[in-house]
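This report refers to the structure that appears directly beneath it.
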Protein chains: 2
Amino acid sequence: MRIQDILRKKRDKEKLTKEEIVFLINGYTSGDITDYQMAAFAMAAFLNGLDADETANLTFEMMKSGSVVDFGDFKGFLVDKHSTGGVGDKISIPLAPLVASCGVYIPMISGRGLGHTGGTLDKLESVPGFNVNLSLEQFIETTKEIGVCLIGQTAEITPADKKLYALRDATSTVESISLITASIMSKKLAEGIKGLVLDVKVGTGAFMKTVEDARKLAESMVAIGKKMDRTVTAVISNMDQPLGEMIGNSLEMLESFETLKGRGPADIKDLTFRLGAEMLKMAGVVKTDEEAFQLFEKKIASGEAGEKMKEILKAHGADPKAFDDYSILPIAEKKYSFLAPEDGYITKFNTEEVGVSAMLLGAGRKTKEDIIDPSVGIALHKKLGDYVKKGDVVATLYYQDDNKLSQGVDRLKGAIFYSSEKPVEFKLVLDKIHS
Amino acid sequence: MRIQDILRKKRDKEKLTKEEIVFLINGYTSGDITDYQMAAFAMAAFLNGLDADETANLTFEMMKSGSVVDFGDFKGFLVDKHSTGGVGDKISIPLAPLVASCGVYIPMISGRGLGHTGGTLDKLESVPGFNVNLSLEQFIETTKEIGVCLIGQTAEITPADKKLYALRDATSTVESISLITASIMSKKLAEGIKGLVLDVKVGTGAFMKTVEDARKLAESMVAIGKKMDRTVTAVISNMDQPLGEMIGNSLEMLESFETLKGRGPADIKDLTFRLGAEMLKMAGVVKTDEEAFQLFEKKIASGEAGEKMKEILKAHGADPKAFDDYSILPIAEKKYSFLAPEDGYITKFNTEEVGVSAMLLGAGRKTKEDIIDPSVGIALHKKLGDYVKKGDVVATLYYQDDNKLSQGVDRLKGAIFYSSEKPVEFKLVLDKIHS
């Protein structure tokens, strides 16, 4: 078998066999197939597509390119949640302890953010001492013990995906439904989970700009899960405005802690509960959303969800006191009030640009080498449909560097739109797809 | 400017600006743009195409990526011929001295063969001592002095093309009209020539399988030449059977020498004369094909064409006696007679497979690292439409290694087709396109 022949087939819109995909991924993992050959494959796959069989084979081989976590005969229900990424999306952080406090187990391998804001790992690391670099053995033990563990993609997990993901980022082949499916699902299935809830984002702050594309991606991932005997549900949620109020790493930890105390923003609570309900239903803990919501309210009110968060902080080497004493979180002291330039309803966010504004303050990475400043970010006080008067504080920018502030402010100005007409009501969850 | 944005544009079928192509080629030449990013570009360009402006800009920037040969105020008419490649195509070798003997100057930078048989350089090097590695200064001087010089692509000439060509070979992005155009034309225009004759091959032994595709490629290259103020003519010629009788490096030198003595095969003479006539017309030496043909006959009969060949051999460090004493050429002593398996007309060659058969004997390279054996090859005694009786000698295989012989014989068996019905007459030149 020759890689050139595989590239020629995909270039000519022919279907690749299982054997060819095995050859491709094994060769790429071992280095026999070069980055430039894989880049040509990624572009051909982007333009000519991969069908359901090809995508399933690609996912399976990428999963098998490294270790697959093995929980042995552990009896707990293992479930995870994955988001395709959005601005202000810290849902995993309140969700994991909340769901774990209901007796479900969440072994979560997360990524770092590239482009706008930080990823879950960056947010967690903003709590001093929080260590996401645990071994797979520690990962398994901690999950069994406290019900949650949150680590980064180790070298052992899906090395083929790790290489391919960096390559796609450098070659503009990211936004392919098949390649996104294989990347997400190979990593998640390598966690050894039985169930998976996917939060597929759509809108001005997401990869997927239309509900149609988001639904295609959701269906593609759900189908792969089904082929591999996992229960998968995808929720399609709206990224036409940032999630919650906070954008920026320690600010988002603060907001996550507030949510676990019952004081978080309505949309964060709403989405956390809805995604969490899917997880509890899969695990058989509840039968309906209503039951799940009641259980979550109870776990928050009793403090059990908060205690679980503290257990997580402790297990990862951070000070559990941070949950109650926010002075432990590094939050920038310099603040800038971003004012409404006119009277009117907020009718549109260019959500991605809000994320870029936070990145320019230092909350995200332009390139992989950039170092995140955990202390900076944006508190966005207004939502779509809110009426503001000229001079009202729309957002507070937390910053360290005047030059970065001015870049962030400039960018934010172009990201918020006002009008005298009230927009139609914002709907957070747009659709749901079951396996 | 970011390479990712350029890749995204081409991926999304948008037109690239001149500035973007400058950025692409400069970055690739300097190494700022990686092989994997260029591979993604090549695949996107292959699948989504490049228009005439993009192709012209790509050609121009690739030409400028290295030295452009400068003949200063030299008054001679500088012209070259380029073939897109075929089996048994040694036309450059008799053509260059024949045309130079008519007072036209030919600075020829050639390639090596990859895939089936050797390239012009490999054929020349089969004459002991022949050195194709001259400096650009020697190249200019030799061309001025004797009217011809034949060298390989030096490091100074179109380094961007050199890198891109190897990359395309490894990523199955060779057969793109725009990329072929840019590759050929950038190299040829870097020779400092005023005129160019292109021999665009079509058929079972060529890249282009249909006359339609060959015409598109010819028109694309002629258009680029026009944009750059060069006179360009493209001849579309038939590769449904090997050119001449000989396939293999020193065998093809022998056939070239025979042609210069007026004893070559009819098709070699025909194509050499037709391509040469275009060159003489561009240079203003003759007005019509008939005049050119008469002049060529005279130059052959008088021995002037042969003398020019000897001058070339001498200038490149080979023994000019080889022109008359073929024992100087390394030709394998072991011969195998390939017999007709049945009575019938020869109705079809899979010409590429005939080339592969010669390659398997050792006359070509499977990979860039393979070393060519100049002594081996095939003398194909029959042409399309010839009638053979079972047991007639169709070809003689010159070989060194019994194992390689059996591979070559096996391959040749599948490459020749016989039938009781006489096929339609073979036409060598199918079309001609002027700038």
Self-check item: Shielding by other protein chains, B:44-56, mean Cβ within 10 Å
Solution: 2
Quiz item: Can you give the angle from 0 to 90° between the axis of helix A:211-227 and the longest principal axis of chain A, with both taken from C-alpha atoms, to the nearest 10?
Solution: 50 degrees
Quiz item: chain A: Rg/Rh from Cα coordinates, Kirkwood Rh?
Solution: 0.97
Quiz item: So how do A:Tyr399, B:Tyr28, B:Tyr418 line up by other beta-carbon neighbours within 10 Å, fewest first?
Solution: B:Tyr418, B:Tyr28, A:Tyr399
Quiz prompt | Average beta carbon contacts from partner chains per residue of A:31-40, 10 Å cutoff | solution = 6
Quiz item: For chain B, what proportion of DSSP beta bridges, expressed in % and rounded to the nearest 5, is antiparallel?
Solution: 55 percent
Quiz item: Across the stretch A:155-166, in residue order, what do the Karplus-derived ³J(HN,Hα) couplings come to in whole Hz, using 6.51 cos²θ - 1.76 cosθ + 1.60 with θ = phi - 60° and x for Gly and Pro?
Solution: 4, 6, 8, 5, x, 5, 5, 4, 5, 5, 5, 4
Self-check item: Karplus-derived 3J(HN,Hα), 6.51/-1.76/1.60, for each residue of the stretch B:139-148, Hz, glycine and proline x
Solution: 4, 5, 5, 5, 4, 5, 6, 10, x, 8
Quiz prompt | Positive-pole candidate from A:Ala332, A:Ser357, A:Gln407, dipole of the stretch A:331-419, charges at beta carbon | solution = A:Ser357
Quiz item: Build a GNM of chain B with springs between Cα atoms under 10 Å: which of B:Glu191, B:Glu311, B:Glu278 gets the top mean-square fluctuation?
Solution: B:Glu311
Practice problem: Report the calculated FRET efficiency for A:Val424 and B:Lys432 (r = Cβ-Cβ distance, R0 = 45 Å), to the nearest 0.05. | Solution: 0.10
Quiz prompt | For A:Glu141, inter-copy label distances in nm, listed shortest first [label point 7 Å out on the Cα-Cβ vector] | solution = 7.7
Quiz item: To the nearest 500 deg cm²/dmol, what mean residue ellipticity at 222 nm is calculated for chain B from DSSP H runs of n ≥ 4 alone, each contributing -39,500 (n - 2.57), summed and divided by the residues?
Solution: -14000 deg cm²/dmol
Quiz item: Over the stretch A:331-419, with a single point scatterer placed on each C-alpha, what log10 of the ratio I(q)/I(0) does the Debye formula yield at q = 0.19, 0.20, 0.24, 0.25 1/Å?
Solution: -0.80, -0.87, -1.16, -1.23
Quiz item: Can you give me the Cα centroid spacing of the stretch A:44-81 and the stretch B:1-64 in angstrom?
Solution: 34 Å
Self-check item: Cβ-based charge dipole, the protein assembly as shown, positive-most Cα from B:Leu380, A:Thr143, B:Gly103
Solution: B:Leu380
Quiz prompt | Too-long pairs where the Cα-Cα distance tops 30 Å, listed order kept, from A:Lys18/B:Lys348; A:Lys90/B:Lys10; A:Lys123/A:Lys201; B:Lys64/B:Lys314; A:Lys366/B:Lys162; B:Lys123/B:Lys334 | solution = A:Lys18/B:Lys348; A:Lys90/B:Lys10; B:Lys64/B:Lys314; A:Lys366/B:Lys162
Practice problem: Please give the average number of partner chain Cβ atoms lying within 10 Å of the Cβ of each residue in A:89-101, rounded to a whole number. | Solution: 0
Quiz item: Using θ = phi - 60° and the Karplus form 6.51 cos²θ - 1.76 cosθ + 1.60, what ³J(HN,Hα) does each residue of the stretch B:31-43 get, whole Hz, x for Gly and Pro?
Solution: x, 5, 9, 7, 4, 6, 6, 5, 5, 5, 4, 4, 5
Quiz prompt | Position B:Gly385, label points 7 Å along Cα→Cβ, spacing to each other copy in nm (shortest first, one decimal) | solution = 8.2
Exercise. For B:Asp343 and B:Ser67, calculate 0.36 nm times their separation in residues minus their Cα-Cα distance, and state this gained length in nm to one decimal.
Key: 93.7 nm
Quiz item: In the protein assembly as shown, what percentage of the DSSP-assigned beta bridges are antiparallel, given to the nearest 5?
Solution: 55 percent
Quiz prompt | Percent RCO, i.e. relative contact order, over the stretch A:331-419, from Cα pairs under 8 Å lying at least 6 residues apart | solution = 48 percent
Quiz item: If you line up the long axis of helix A:249-260 against the longest principal axis of chain A, both from Cα atoms, how many degrees apart are they, to the nearest 10?
Solution: 80 degrees
Quiz item: Among B:Thr272, B:Thr17, B:Thr396, which one moves the most in a GNM of chain B with springs linking Cα atoms closer than 10 Å?
Solution: B:Thr17
Quiz item: Roughly how large, in nm² to one decimal, is the mean projection of the convex hull of the alpha-carbon atoms in the stretch A:122-182?
Solution: 5.6 nm²
Self-check item: For the protein assembly as shown, fraction of C-alpha pairs farther apart than 34 Å, in %
Solution: 61 percent
Exercise. Decide, for the stretch A:146-234, between rounded, prolate and oblate: order the square roots of the alpha carbon gyration tensor eigenvalues as a ≥ b ≥ c, take rounded if a/c falls under 1.5, and otherwise choose prolate if a/b is larger than b/c, else oblate.
Key: oblate
Self-check item: Principal-axis tilt of helix A:304-315 within chain A, Cα atoms, nearest 10 degrees
Solution: 60 degrees
Practice problem: Let me have the relative contact order for chain B, percent, based on Cα pairs under 8 Å that are six or more residues apart. | Solution: 20 percent
Quiz prompt | Ordering of B:90-103, B:133-146, A:204-217 by burial proxy (mean other Cβ atoms within 10 Å per residue, highest first) | solution = B:90-103, A:204-217, B:133-146
Self-check item: Shape category assigned to the stretch A:79-325 from the gyration tensor of Cα positions, a/c cut at 1.5
Solution: rounded
Exercise. Mind listing the label-point distances from B:Gln294 to the same position on all other copies, shortest first, one decimal in nm, points 7 Å along Cα→Cβ?
Key: 10.9
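Every number in this text was worked out from the coordinates using simple rules, so none of it is lab data. The structure displayed is predicted, hence computed values, not measured ones. Heads up, the Cβs are rebuilt from the backbone with ideal geometry, glycines too, and the neighbour counts pull from every protein chain shown.
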